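Worksheet for the structure shown next.
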Amino acid sequence: MDENTQIEIEAAAFRRLVEHFRTHTEVQNIDLMNLANFCRNCLSKWYRSAAEDRGHELSYEEAREIVYGMPYSEWKDKYQMEATAEQKAAYNARHESNH
């Protein structure tokens, strides 16, 4: 496989992942962090970093809008739920064990 084809495939897979996240708003970021140790915000940071590595200025909020499909504040108002005690405990346990 040539490099351009690989890049096109990787870009298509990224777009599909982002669309999956946009479609499954019931999956909370804390759930993603607890299960996979990354979330939509992490993906936004990686996107911003990749843009900057290539000489493109992109704010964190702009990157989040790309990933969330809307301003983060709007997504948060529409879809983010208060984390349960169990979710918070799992998050804290995972991150305490990483230090």
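None of the figures in this text is laboratory data; all of them are computed from the coordinates on show. None of these values were measured; they are calculated from a predicted model. FYI the Cβ positions are ideal-geometry reconstructions off the backbone, even for glycines, and counts take in every protein chain you see.
Tabulated values for the structure
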{"quantity": "Loop-located trypsin sites (Lys or Arg not before Pro) in the chain whose Cβ has at most 11 other Cβ within 10 Å (DSSP)", "calculated": "R54"}
{"quantity": "Inter-probe distance in nm under a simple model that places probes 7 Å from Cα toward Cβ, at S59 and S97", "calculated": "3.8 nm"}
{"quantity": "Contact order normalised by residue count of the chain, Cα under 8 Å, 6+ apart, percent", "calculated": "27 percent"}
{"quantity": "Nearby lysines by direct alpha-carbon distance to K45 (threshold 20 angstrom, same-chain neighbours under 8 apart not counted)", "calculated": "K76"}
{"quantity": "Set of aspartates and glutamates near K78 by C-alpha distance (under 19 Å), chain-local residues within fewer than 8 positions excluded", "calculated": "E19, E26, D31, E61, E62, E65"}
{"quantity": "Helix-derived mean residue ellipticity, 222 nm - over the chain, DSSP H n ≥ 4, -39500 (n - 2.57), to 500", "calculated": "-23000 deg cm²/dmol"}
